[in-house]
1. How about the range A:67-99: which of its residues are crowded, with 21+ Cβ neighbours inside 10 Å, assigned to a loop (DSSP other than H, G, I, E, B) and more than 9 Å from every other protein chain (Cβ to nearest Cβ)?
2. Please specify each residue of the range A:15-44 satisfying the condition of being in contact with a strand residue (DSSP E or B) (Cβ under 7 Å, 6 or more places away or on another chain) and either among the β-branched types (Val, Ile, Thr) or in a loop (DSSP other than H, G, I, E, B) (or both).
3. From A:LEU222, A:LEU231, A:LEU255, which residue is in contact with a strand residue (DSSP E or B) (Cβ under 6 Å, 6 or more places away or on another chain), assigned to a helix (DSSP H, G or I) and either under 20 Å from A:LEU69 (Cα atoms) or hydrophobic (A, V, I, L, M, F, W, C) (or both)?
4. Note down all Cβ pairs under 7 Å where the first residue falls in the range B:219-232 and is surrounded by fewer than 18 Cβ atoms within 10 Å (Cβ to Cβ), the second is at pLDDT below 95, and they're at least six residues apart or on different chains.
5. Which of the residues belonging to the range B:45-59 are part of a loop (DSSP other than H, G, I, E, B) and away from chain A (no Cβ under 11 Å)?
6. Among the residues of the range B:145-155, what is the count of those that are within 14 Å of chain A (Cβ to nearest Cβ) and crowded, with 24+ Cβ neighbours inside 10 Å?
7. Identify all residues within the range B:234-247 that are surrounded by 18 or more Cβ atoms within 10 Å (Cβ to Cβ) and in contact with a Lys or Arg (Cβ under 9 Å, 6 or more places away or on another chain); write none if there are none.
8. Within the range A:264-297, how many residues turn out to be at negative phi and either assigned by TED's automatic domain parsing to the domain that holds A:LEU72 or assigned to a loop (DSSP other than H, G, I, E, B) (or both)?
Protein chains: 2
Amino acid sequence: MNIEFDLIARYFSRPAPCGFLGVGDDCALFPVAAGHHLATSTDLLVEGRHFFSDVDPAALGHKALAVNLSDLAAMGAQPVACLLSLSLPAVDHDWLTAFSQSFYALADQAGCPLIGGDTTRSTAGIVISVTVMGQVRPDQALRRAAAQVGDDVWITGDLGAANIALRLLQNELPYNPDLLEATRRALEWPLPPWQFGQALAGVAHAALDISDGLAQDIGHILKASGCGAELEYLALPVAPALQGLDSQLVQAAVLAGGDVYQLCFTAAAGERARILALAAASSLQVTRVGRVVAEPGLRVRAADGTVIPLDKAGFDHFS
Amino acid sequence: MNIEFDLIARYFSRPAPCGFLGVGDDCALFPVAAGHHLATSTDLLVEGRHFFSDVDPAALGHKALAVNLSDLAAMGAQPVACLLSLSLPAVDHDWLTAFSQSFYALADQAGCPLIGGDTTRSTAGIVISVTVMGQVRPDQALRRAAAQVGDDVWITGDLGAANIALRLLQNELPYNPDLLEATRRALEWPLPPWQFGQALAGVAHAALDISDGLAQDIGHILKASGCGAELEYLALPVAPALQGLDSQLVQAAVLAGGDVYQLCFTAAAGERARILALAAASSLQVTRVGRVVAEPGLRVRAADGTVIPLDKAGFDHFS
């Protein structure tokens with residue numbers, strides 16, 4: 001008996017949707033809508049690096065897919081299907097049940113069926129690789145290089161909570177169970193705005209998710225687009241749970257804190273009413289935080305008009 | 001400076017082909033030909049499990065993509081693009097140079113550009129995740145469930161060499177540098193028949209690659225198709241390097257040895273001349289080794305007509 005096949009059969013072999021060929025053949029097969037391109041992204045999550053060894057497996061199953069759906073959202077692409085590879089030191093059925101159930105729950109919610117993957121025994125910790133595939137009309141895709149001078153800069157959701165939760169869990173901040181309770185959902189159960197992302201396709205110009213922190217990520221748009229941006233710090237949507245915390249701590253979390261699976265996007269000023277209406281239709285908070293300017297670089301202005309120094313880099317995958 | 005971006009920029013950011021959007025955005029984007037479905041497969045390769053820690057990084061870069069191209073070949077799909085994720089314990093520039101150059105060399109040869117991926121620091125050994133994407137007309141895809149009673153069973157290339165090389169490297173066989181020299185290319189530099197696989201689309205019925213060993217893998221076709229097969233042991237294409245070895249050793253390598261990134265496929269008897277012509281056009285060896293029958297199960301007959309017992313399972317990913 002090949003346990004690989006047993007694991008896949010037991011946890012990861014729900015029937016594929018009609019018209020799809022899923023788990024069990026050499027490849028999965030699915031159609032891409034006429035006039036659309038295939039959009040794809042992949043993330044590798046490593047135990048001890050991207051998640052704690054004792055993380056709730058249900059949260060991990062959710063987040064492994066969520067971080068990839070966030071990339072589709074940032075492209076304006078509609079989720080179509082996903083692949084999941086797992087490398088596990090041992091077969092833990094409770095762990096696999098919790099992980100697979102929440103992975104499937106989010107896949108169902110996003111209309112992104114799991115159609116293939118790989119399982120193997122690891123020699124060390126858990127490694128998770130997820131690939132998502134979506135579809136988008138190529139002329140409507142939200143590319144990093146598409147920001148235009150004069151665009152508004154927008155942010156969905158709010159900022160800072162995931163970073164505070166991470167720092168609490170890493171004991172970088174003093175023990176504070178109430179604050180952890182109020183922030184850890186943002187870290188462990190992110191819900192990227194994939195529907196709103198699709199709605200932005202053809203409306204917004206550039207977009208990306210804030211997985212590495214606002215200052216660093218918006219820098220990718222500005223560099224790719226050959227322009228700069230001015231943001232108002234007081235306009236940034238700070239997570240309500242951060243009220244009353246030290247202002248320097250909040251500022252670092254808001255400007256440099258990663259793991260924010262929300263969008264930063266730019267759009268022409270003429271689209272303001274439409275963007276607000278689209279966000280309302282998705283029950284999503286959107287905030288206009290600044291504008292794209294010709295002068296390169298990012299400047300975040302405090303209430304008094306001075307520029308806040310951005311010396312704290314975002315999350316470094318190889319630090 | 002974010003070293004993740006530096007690694008991607010330094011080793012993995014060749015320009016994407018015209019009409020593609022590659023490394024550097026939230027998703028890669030590419031077109032799928034009209035009337036075609038997207039075919040995708042993913043493999044996770046773990047140090048100490050799928051490759052030795054001291055493996056030649058050039059061979060590893062080649063094989064990481066080759067095993068995935070093999071899945072496209074087995075589906076009859078044309079390679080379109082691939083994604084590569086790497087989790088590395090440290091940044092070794094010589095290793096990355098050798099790995100990336102041979103990965104790209106095979107990607108170029110197969111017309112399968114690298115358009116995205118992820119890099120991260122690992123807490124333990126090297127982990128490689130490759131996802132390939134191809135395209136195939138859905139009615140022509142070579143599915144496991146499509147074998148028909150009366151079909152011929154065919155094999156491309158030859159069998160057994162990779163298994164002998166693996167057993168030599170694992171010291172399961174006595175030290176024999178000449179034999180290792182003659183067999184290790186099959187293990188470390190497999191070249192799956194992706195062009196012939198495409199040519200078989202619409203011609204053959206069922207197909208798969210022999211990554212887990214002939215007996216086990218053909219069993220997947222037979223089970224999915226609800227039929228059986230009779231193979232002639234003497235008809236099986238044994239790798240020339242195995243001549244003169246102990247016959248039991250050869251038999252185990254040929255019937256149960258995995259890591260054979262060649263195809264086993266079934267096709268109507270009326271297609272024999274066409275298949276031979278297609279193989280000749282690809283300069284590929286193909287061998288007719290038996291036929292599909294109604295009685296379930298696989299029977300491999302020796303020269304005297306007796307059935308060879310198949311008690312040795314193929315490679316078990318979780319053993």
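The values are calculated or read from the model by the stated rules, or taken from the named source; none is laboratory data. These figures come from a predicted structure and were not determined experimentally. Methodologically, a virtual Cβ is constructed for each residue, glycine included, from the backbone with ideal geometry; neighbour enumeration extends over all protein chains shown.
1. A:GLY76
2. Correct list: A:ALA16, A:GLY19, A:PHE20, A:GLY22, A:VAL23, A:ASP26, A:CYS27, A:VAL32, A:ALA33, A:HIS36, A:THR40, A:THR42.
3. Just a single option satisfies the conditions, and that option is A:LEU222.
4. Sorted first by the residue in the range B:219-232, then by its partner, the pairs are B:ALA224/B:ARG144; B:ALA224/B:ALA145.
5. If the condition is that a residue be part of a loop (DSSP other than H, G, I, E, B) and away from chain A (no Cβ under 11 Å), then B:PHE52, B:ASP54, B:VAL55, B:ASP56 are the ones that fit.
6. 1
7. Of everything in the range B:234-247, nothing turns out to be surrounded by 18 or more Cβ atoms within 10 Å (Cβ to Cβ) and in contact with a Lys or Arg (Cβ under 9 Å, 6 or more places away or on another chain).
8. Final tally of qualifying residues: 7.
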